Structures are given as C-alpha cells and as structure tokens.
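Below: one structure, written as structure tokens.
What follows is calculated from the coordinates using simple rules that are stated; it is not laboratory data. In this text the structure is predicted, and so the values were computed from the model without any measurement. Virtual Cβ from ideal backbone geometry, glycine too; neighbours counted across all protein chains shown.
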Amino acid sequence: MDDIDEGQAGRTRSITLSSGTEAQLVPRDGGWSLEIDGVRQSQIVAPGRPPALATTRWALAAIGDGEPLRCAHLGGAILTLPRVLAERRPGSPQLAVELEPAFVELCRTELPVPDGIEIIEGDAREWIDMTAPDSWDVVTCDVFAGGRIPPAFTSREFFASAHRVLRAHGLFVCDSVAGPEPEFTRRELATLRDVFRHVAVITPPSVLAGLRFGNAMLIASDAPIDAERIRAALRDEPSKGRLVTDLDEFVGDATIIRDADEVWSPVPRLPNLRAAREALDAIEAMKNRVKGVTA
C-alpha cells in the first residue's frame, strides 16, 4: 500500500499487546495481515483489491455502496472495514473505538488511515453508552477477547445503546459466531429482535446448521432490510455466506440476554493454522534432509 512505511515493507513484525499476547503483523498480498496464534484478525489490502476477509465482505454487503454515511465502529484492530468503506463510500465520516493501545498506535504511525477516519483508544461499551442519540447512520461491532465476544457486547442493554445512537433508518452490523453450540446465537438473535424491528444474519448454511464453528454477521435495523440487494452482493461470495431473514424457527423460544447474565460467546473451535504451517515446514525440512542423504 502506498501509505505504509516503506521501511517496514516485506518484514513480519511481532507486536506485544497490553495483555502480553504476541501478535504478528505480516506482509501479505500488497498489504498487511494482523495475526494472533496463526489466525487472521484483520487485514489491509492494496487499494482497489477486494477484501481478503469474508466477514469484511459480508459487512460491506450489508452496508452497500453509495452516498457518504456517518459510521461508528466498535473495535477495529487495524481498521479493515473503515478503510474499505472509505473507498466504497468516499467522504463518509468514520470513528473507530479500539481498546488495544498497540493497534491505535499502529494506525497513528505506521499504518496511516485515509482522510475522514478517526481512531480513538477507549472502551467501546462505555463510549456507546455515553454517545448522543440519533448520531450515526451505521454502527458496526467487531469486539473479541481471546476469540470470544465479551458479555458487554452480547446483551440487550448493549443492543439498546446501539439502537439509541442510530438515526431513524440506521443500520447495526455485528460480527458474531454460530456453530455446534447454537444456544448462544439463538439467544443473541432473540435479544436483537427484542430491540430492532428487522433482523437478519449472514453466515454459511453449514455454520447456522451447527455442522462447524464460524462467524455470523448480524444485521439489524428499524427500516426494512434490503434482502435482494444483499443477496446480489453475496451471489459469488467464496465463503458461501448467505443472507437468512426468516429466523423464527431457528430462534424458537430462546431467552433474551441481559447484562446481569454475563454471557460470553462459546469457545471457538478453529483449526490451529500456525501448528499446521509448522507441521508442513517440518515435513519439508525432512524431505530436504532425505534428499541430502540419498544424493
């Protein structure tokens, strides 16, 4: 990318987070990938390229292209979605609230953000609870801790705050999870439907059916959701993410989540990509040693 420090190009960097966890900033596809334990958390691609992460493409399908929108982002890492929205909806004022100071520092120094995007360090739940009503056209949420969504971002009280700060036809887009333990997703959707008039979800059918663990992009608004436009945007989606608007059967009699319940999302069941890469490297090294012996 043109705006990334050329002195850092081509070098993988370790970044120590406030928790002591080590993250890796990896040069990839002309941009940067932020990885923790071998799992991509955020990725910046070169301008004009399609987003590398399926969840970013799902969020873009929900929001769509067009005129500028006032967008607030709860969580942001290295600002994958805001950067693409700056391309797709130029002139959009955007604010990202990020808890991790190392990510904020990266975006302020080595990975500068486009005009119109502001990033602040802070607790996103505290920020949205204190934000004035009717302030934003879009609110997105992408907050995870150790691969799980904290209770502050799963409750009715949180969804009510998001609803309050949105304008009349505003859109709430939330990166969540689904899979073999469906009760959390059922309750989260029930909670969202108790706050907003219209709710939908984007996820691969295999994830919603509980066959595997994966992400689920929750969409909510008091205005009708443009299902036809979103499905058109997802038509060639490589991840097989699909829009589901008929949620009655899946949600069933699931109970609403409150702050007092302190509900975390389930522990993720994801492949260990770092271990897989290390295993492949070990196999390759063994092949080279065998070649050396037999040569």
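Between His169 and Thr12, what is the FRET efficiency for a Förster distance of 45 Å, r being their Cβ-Cβ separation, to the nearest 0.05? Write down the numbers at each step before the final one.
Values: r = 43 Å, r/R0 = 0.96.
Efficiency at R0 = 45 Å is approximately 0.55.
Determine the sum of side-chain charges near Asp129: Lys and Arg each +1, Asp and Glu each -1, restricted to other residues whose C-beta is under 12 angstrom from that of Asp129. Intermediate values should be presented prior to the final figure.
Details: positive: Arg125, Arg164; negative: Asp123, Glu126, Glu157, Asp259.
Result for the neighbourhood of Asp129: -2.
Label Val267 and Asp194 with points 7 Å out from Cα along Cα→Cβ: what is the distance between them in nm?
2.8 nm
Just to verify a number: FRET efficiency for Ala46 and Glu22, C-beta to C-beta distance, R0 = 22 Å, to 0.05? Can you show the working numbers first?
Working: r = 26 Å, r/R0 = 1.18.
Taking R0 as 22 Å, the efficiency between Ala46 and Glu22 is 0.25.
Under the Kirkwood approximation for Rh and a Cα-based Rg, what ratio Rg/Rh is obtained for region 1-156? Please list the in-between numbers first.
On the way: Rg = 15.1 Å, Rh = 16.0 Å.
Looking at region 1-156, the ratio lands at 0.94.
What does DSSP give for region 52-294 in terms of the percent of beta bridges that are antiparallel, rounded to the nearest 5? Don't skip to the answer; put the middle values down first.
Working: 17 of 35 bridges.
Roughly 50 percent of the DSSP beta bridges within region 52-294 come out antiparallel.
Among Ala216, Ala254, Ala145, which one moves the most in a GNM of the chain with springs linking Cα atoms closer than 10 Å?
In this elastic network of the chain, the residue with the biggest mean-square fluctuation among Ala216, Ala254, Ala145 is Ala145.
Report, in debye and to the nearest 20, how large the dipole of the chain comes out about its Cα centre when Lys and Arg carry +1 and Asp and Glu carry -1 on their Cβ. Kindly include the intermediate steps, with their values, before the conclusion.
Working: 33 positive and 45 negative charges, 220 e Å.
Once rounded to the nearest 20, the dipole reads 1060 debye.
Measuring from a point 7 Å past the Cα of Leu211 along Cα-to-C-beta, which residues in region 163-189 have an amide N at less than 18 Å?
178-182
Taking the Cα centroid of region 226-254 and of region 69-142, what is the distance between the two, rounded to the nearest whole Å?
A separation of 26 Å, based on Cα centres.
Using a basic spin-label model with each label point 7 Å from the Cα along Cα→Cβ, how many nm lie between Asp29 and Arg70?
Using points 7 Å along Cα→Cβ, the separation is 3.3 nm.
Quote the FRET efficiency, to the nearest 0.05, computed for Asp123 versus Asp246 with a Förster distance R0 of 35 Å and r equal to the Cβ-Cβ distance.
Values: r = 36 Å, r/R0 = 1.01.
That gives a FRET efficiency of 0.50.
Take Trp136, Trp264 and order them by how many other Cβ atoms sit within 10 Å, fewest up front.
Numbers: Trp136 25, Trp264 14.
Arranged by neighbour count, lowest to highest, Trp136, Trp264 become Trp264, Trp136.
Grab the other residues whose beta carbon is less than 11 angstrom from that of Gly252, score K and R as +1, D and E as -1, and report the net. Before the final figure, lay out the partial values.
Values: positive: Arg186, Arg187; negative: Glu183, Asp248, Glu249, Asp253.
Residues close to Gly252 contribute a combined charge of -2.
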